[in-house]
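A.B. asks: Quick one: this structure, given as structure tokens, is what I'll be asking you about.
The values are calculated or read from the model by the stated rules, or taken from the named source; none is laboratory data. Computed from a prediction, not measured in an experiment: that's the story for all the values here. No Cβ is skipped: glycine too gets one built from the backbone with ideal geometry, and neighbour counts run over all protein chains shown. These accessible areas exclude ligands, DNA and RNA; they are computed on the full protein's heavy atoms, side chains included. Shrake-Rupley method; radii C 1.70, N 1.55, O 1.52, S 1.80 Å.
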Amino acid sequence: MISEPTNATPRIQHSPIVIGLLVTAALLGCGLFAALGTWQLQRRNWKLDLIQRVDARVHQPPVSAPARQDWPAFAADNWDYRRVSVTGRYLPGQQTLVRALTITGSGFWVMTPLRLADGGLVFINRGFVAVEHPQRSAAIIAPSGDISLTGLLRRTEPSGLWPRANDPRTDRWFSRDVTALAAARALDPIAPYFVDADATSPASDGPVGGLTVIVFANNHLGYALTWFALAAMIACAVIYLACDQLVQSVPRRTNG
């Protein structure tokens, strides 16, 4: 008996080389997405630890900032975001303006070196100014005489290439890299940290302190689930392709 014709669309047969390339690319993509998901979980753990550490430190009473003799053994992880107190005298005319973006808008951090009693220098982030031409503002001039203040100790920020690199030659700054700031002003010895000053009562256009970001978004779990979902989708596609090719490789029986 002759078999009846069928209207089924014939399956496309791919060569083993094409199949191998597709499977290899899919496995690489699956591995990449799984690695990104794992990395986001690690970032989540790091962020949770940061949130817990910062929340515990910012509410503690201030302690004396590390003295000059302690700087060689300074460990930023043990001090970052701790509330500290410092006493000294600002160096006149040595402040540096660093580009900043805060909840109040864009402007500058006013970084001014403070001479401590032991001869060391520490940069104080006196606060944020949003004036268009901050160098023309008399309010950013540091007060004279002995100054005692409290604030949050912060680790130095790397110069980096994002969002923009510091340019000491033109005195344009985008990160609070205390080593680079000190070198540009020929300041020595400089503390390996800076202090974000607490909020005070500034002049009308003077620096506004107390704007340190201490609330951090934590969306890493959602990112991790997204990456893992993409990896699972690719894995399912590979399994489907393998099963489809296996079915096509089985000889079909026809009615004779």
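A.B. asks: Can you give me the relative contact order of region 52-141 as a percent, contacts being Cα pairs under 8 Å and 6 or more apart?
C.D. replies: Taking the mean separation of contacting Cα pairs over the length of region 52-141, I get 22 percent.
A.B. asks: Full extension from ARG89 to ALA76: what is 0.36 nm times the residue separation minus their Cα-Cα distance, to one decimal in nm?
C.D. replies: Details: separation 13, 0.36 × 13 = 4.68 nm, distance 2.42 nm.
Stretched out fully, the ARG89 to ALA76 stretch lengthens by 2.3 nm.
A.B. asks: Can you give the accessible area of THR226, probe radius 1.4 Å, in Å² rounded to 10?
C.D. replies: Number for this one is 80 Å².
A.B. asks: Could you tell me the accessible area of CYS236 in Å² (1.4 Å probe, neighbours in place), rounded to the nearest ten?
C.D. replies: We get 90 Å² for CYS236.
A.B. asks: Now for a separate question. Sorted by accessible area (1.4 Å probe), largest first, how do TRP71, TRP173, TRP46 line up?
C.D. replies: From most exposed to least exposed: TRP46, TRP71, TRP173.
A.B. asks: Let me ask something else. Could you give the nm distance between label points at ALA183 and LEU241, where each point is 7 Å from its Cα heading toward the beta carbon?
C.D. replies: Those two pseudo-labels are separated by 5.0 nm.
A.B. asks: Once you have a ≥ b ≥ c as the square roots of the Cα gyration tensor eigenvalues for region 22-171, tell me rounded if a/c is under 1.5, and otherwise prolate or oblate according to whether a/b is larger than b/c.
C.D. replies: Prolate, because a/c is 1.5 or more and a/b exceeds b/c.
A.B. asks: OK, next. Express in Å², to the nearest 10, the accessible area of TYR90 obtained by rolling a 1.4 Å probe over the protein heavy atoms while all chains stay in place.
C.D. replies: 30
A.B. asks: Leaving ligands, DNA and RNA out of it, report the carbon-plus-sulfur percent of the accessible area of region 45-115 at a 1.4 Å probe.
C.D. replies: Result for region 45-115: 50 percent of the exposed heavy-atom area is carbon or sulfur.
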